[in-house]
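The structure appears below as structure tokens.
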Amino acid sequence: MIIKSNEIHCPLCRSKNLNSFFKDKKRIYLRCFYCKLVFVPKQYWINAENEKKNYDLHKNDSNDQGYRQFLSRLSTPILEKINSKQQGLDFGCGPGPTLSVMLEEQGIQTNLYDPFYHNDPSVFYKKYDFITATEVVEHLHDPYTEFTALFKMLKKGGWLGIMTKLVINKTAFSQWHYIRDMTHICFYSRSTFEYIAQRFNAELNFISNDVILLNKK
């Protein structure tokens, strides 16, 4: 069913041509006809206080070898693209920054930003050789604005590294643990990242099922 509404639009491409994609006991999920983003309408979002309470439960620790192994799936391909003279930003670093620690151990200077834990707006006025966003983009309220800002901060030839689980199909979506987290409101597929690459003039690289690199042309 195609939904056309003057009140609801896709938060990534602003299209108002939306499909009803899925519904569970707590939320409904719409899919954009154009960029294929699956998203939760605003009325189902939790408030900022409860959102932070959820993040406070994340016990991320830079000394946790299991967590480091998880993040290495992004750090390894990023390190192959950059050198010690370059500077990056860990966007949405969370309460226990770890990826930045791993990069700095390799001599890579990395700034931090997180709206709850490292809210330093000055980072948005700098240019970066690379930006990482691990388990972040699924939380974005306004991915159109956020991706625009990220690519604006990225130097020509710079890399945007993203980790997020991808939508496969409706059957898999209905059984997906990813949608049980109420702070997850945007869900991307390969088609969505193809749109993002085209929209922001970037070369797209799927490193694995949930690791994506975008190279700004």
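The values are calculated or read from the model by the stated rules, or taken from the named source; none is laboratory data. Worth saying up front: this structure is predicted, and the values here are computed from it rather than measured. Note: ideal-geometry Cβ built from the backbone for every residue, glycine included; neighbour counts use all protein chains shown. For accessibility, only protein heavy atoms count, side chains too; no ligands or nucleic acids. Shrake-Rupley method; radii C 1.70, N 1.55, O 1.52, S 1.80 Å.
Annotations
- Residue list for the stretch 124-156, restricted to those being open to solvent by 40 Å² or more (accessible area, probe 1.4 Å) and not polar (S, T, N, Q): 124, 125, 126, 127, 135, 141, 142, 144, 146, 152, 155, 156
- With respect to (1) more than 16 Å from residue 30 (Cα to Cα); (2) without any contact (Cβ under 8 Å) to a residue 60 or more places away in the chain; (3) not β-branched (Val, Ile, Thr), the lone exception for residue 172 is condition (1).
- Test: residue in the stretch 168-181 that is surrounded by fewer than 20 Cβ atoms within 10 Å (Cβ to Cβ), of a type in the set (Val, Ile, Thr) and assigned to a helix (DSSP H, G or I): yes
- Selection count, the stretch 60-96, where residues are hydroxyl-bearing (Ser, Thr, Tyr) and more than 25 Å from residue 126 (Cα to Cα): 3
- Lone unmet requirement of (1) at pLDDT 95 or above; (2) of a type in the set (A, V, I, L, M); (3) open to solvent by 60 Å² or more (accessible area, probe 1.4 Å) for residue 12: (3)
- In the stretch 66-82, the residues that are under 25 Å from residue 193 (Cβ atoms), among the small types (Gly, Ala, Ser) and surrounded by fewer than 17 Cβ atoms within 10 Å (Cβ to Cβ): 72
A quick yes/no check of all residues on (1) part of a strand (DSSP E or B); (2) charged (D, E, K, R):
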position	(1), (2)
129	yes, yes
144	no, no
155	yes, yes
159	yes, no
197	no, no
207	yes, no
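- For the stretch 40-65, the tally of residues that are in contact (Cβ under 8 Å) with a residue 60 or more places away in the chain, outside any helix (DSSP H, G or I) and open to solvent by less than 60 Å² (accessible area, probe 1.4 Å) stands at 2.
- Residue 106 meets all of the listed conditions (1) under 18 Å from the mean Cα position of the chain (by Cα); (2) open to solvent by 70 Å² or more (accessible area, probe 1.4 Å); (3) in contact (Cβ under 8 Å) with a residue 12 or more places away in the chain but one, namely (1).
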